[in-house]
Amino acid sequence: MPDFALSTLDLAVILVYVVGIVLLGVWVGRKQDSTDDYFLAGRSLGWGVIGLSLFASNMSTSSLVGMAGEAYGGVGVAVYNYEWMAGIVLVIFCAFFLPFYIKTGVYTMPEFLERRFDGRSRLYFSGWTVFLNITVDTASALYAGSLVVALLYPDLPIEVSIYSLAILAGLYTILGGLKAVVYTDAVQAVLLLAGSAAVALIGWNAVQDGGGWEAVTAITPDEKLSLILPASDPNLPWPGLLTGVFILGFYFWATNQFMVQRTLAARTLNQGRWGALFAGLLKLPVIFLMVLPGTFARVLYPGLERADAVFPTMVFDLLPNGIRALVLTAMVAAIMSSVDSTLNSASTLVTMDFVRPNATSKQLANVGRLVTLVFMVFAALWAPIILGFDTLWGYLQSFLAYVVPPFVALFVVGVFSKRATSSAAFWSVLAGHAASAALFVLGPVLGVIAVPFLYIPAILLAVSLAVLGAASRAQPAPDPARIADVTWTPQMWREDTAALAALPWWQSYRVQGAALVALTVLVVVLFW
């Protein structure tokens, strides 16, 4: 094991970066005084910064450390299934869902549910999303970041690491809102890609001295180098790609405020579409930059006790001081981009879904700042508690599978069906969550039944769809005029086709989406 010690150069680079990124966020986000400015960056974002921000917000430090660890001692390269599925989901999102979000001018995803159904669905979804953003997304990012700091400074209390990270990311988020978050994320995305590329390339060169790829395949079981695992696999069975990974991916990329907020801030629909597809494109090289280094480590470090130590070990053992500082800075960037995004998302939800009717635009921006501060403190206080609840935290990591499928049903049926009613929508979510509670207690808690994790979302989605369909049929159909702007029709596709005809072919999101799908299929086949 290498000595996890920072050189003076490493410390200097990291310090300069942290100070610089905070100052950048404060400067970019200055004078964000209206709701449009603070929560949606004045609806002025271009596709490049949207795509980079989406990528950076999605890739946390736990992704850098966790994916390499899984490739080394877990499911193998199949962990990448969660990454390539994003491209498929984003193509669907751009074609059918984003146009409604942009056209209706909503600030939040729960607000869209109110436009389609009623206020009950809006508040229920918003409450759950805030809870998940703070207790799972933000707290886990802070916790993962503190583990990285603990490698470098083992004597530093974990609480100090967590509080420091929360303050750094929270500072420019509070002051500058979404614009500060997005532009700092763009810088951090470049660092993430450059840093992980450095580890992958230098790791590959080191493997060449130990026998090359042949040495990797010689000591790695075939299934650990395959994306598509047997249906009997307990972790990532291939049917689970459809019953679990796709459903969870749809929630994350098409309905989660945490991610969708960036596309809502696009200056045009096409800019939002291009940005989302760009994010999907950036996910493709993740298998080469963040996953395969874990397989290289099988040759370089065959005896590691903890798989999660793979990435830090490669950083400190293989990289010279200057490049090591770059990669460590990328890890800091991953922490900050995840924390700032979830804080801003939760603040937007509370301010616009619960406070909005009773305040002016400037007051709402100030409320957003206050809510961000409160959530920053709460997440920082919650994160250390994870240390004492290892099993519970394992449950929380799979919590999305039990919570989000009923909401996926609402968005899909809400957009594609004119027959779904408001009351049916609300009761279908409650029914889905009643079923999820039963499955959770009978499965992880009591161990009475054993349902593979990735099959849970499909079961709950089916329950919610069945209740939504049956209850809607038992009630009068909603007024067609009221839902005309939030439900899809074939005529909309034809109008979209006519609008795309006026653009150069390479600017068509359909051409770009088809290319993204083709590239995704190519990568999947390569590692089949």
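The values are calculated or read from the model by the stated rules, or taken from the named source; none is laboratory data. Every value quoted in this text rests on a predicted model; they were computed, and no experiment measured them. Heads up, the Cβs are rebuilt from the backbone with ideal geometry, glycines too, and the neighbour counts pull from every protein chain shown.
The table below gives the values:
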read-out: Cβ-Cβ under 9 Å pairs, at least 6 apart or on other chains, region 53-72 side buried (at least 24 other Cβ atoms within 10 Å of the Cβ), far side not in a helix (DSSP H, G or I); value: Ser53/Leu45; Tyr72/Tyr301; Tyr72/Leu304
read-out: So Leu281, is it among the hydrophobic types (A, V, I, L, M, F, W, C), closer than 26 Å to Val216 by Cβ and part of a helix (DSSP H, G or I); value: no
read-out: Where a residue in region 497-515 is within 14 Å of Leu269 (Cβ to Cβ) and its partner, wherever it lies, is assigned to a loop (DSSP other than H, G, I, E, B), with Cβ under 9 Å and at least six apart; value: Leu500/Ser508; Ser508/Ala501
read-out: Of all residues in region 188-197 being of a type in the set (A, V, I, L, M) and surrounded by 21 or more Cβ atoms within 10 Å (Cβ to Cβ), the one that is nearest to Phe527 (Cα to Cα); value: Leu192
read-out: Positions within region 112-121 being part of a helix (DSSP H, G or I) and surrounded by 22 or more Cβ atoms within 10 Å (Cβ to Cβ), in sequence order; value: Phe112, Leu113, Arg116, Ser121
read-out: Verdict on Val286 being crowded, with 22+ Cβ neighbours inside 10 Å, β-branched (Val, Ile, Thr) and either modelled with pLDDT of 90 or more or within 18 Å of Val525 (Cα to Cα) (or both); value: yes
read-out: Residues located in region 148-161, provided they are buried (at least 17 other Cβ atoms within 10 Å of the Cβ), of a type outside the set (Ser, Thr, Tyr) and within 15 Å of Ile385 (Cβ to Cβ); value: Ile158
read-out: Region 431-458: number of residues that are touching a residue at least 60 places away in the same chain (Cβ under 8 Å) and either out of contact with any helix residue (DSSP H, G or I) (no Cβ under 8 Å at 6 or more places or on another chain) or assigned to a helix (DSSP H, G or I) (or both); value: 6
read-out: Entirely in region 17-96, the helices (runs of 4 or more DSSP H) that have 1 or more residues that are among the hydroxyl-bearing types (Ser, Thr, Tyr) and closer than 30 Å to Arg306 by Cα; value: 47-58, 61-73, 81-92
read-out: Yes/no for Ala502 being in a loop (DSSP other than H, G, I, E, B), more than 31 Å from the chain's Cα centre (by Cα) and more than 18 Å from Pro406 (Cβ to Cβ); value: yes
read-out: Options Phe296, Phe288, Phe246: the member that is under 15 Å from the mean Cα position of the chain (by Cα) and over 27 Å from Ala169 (Cα atoms); value: Phe246
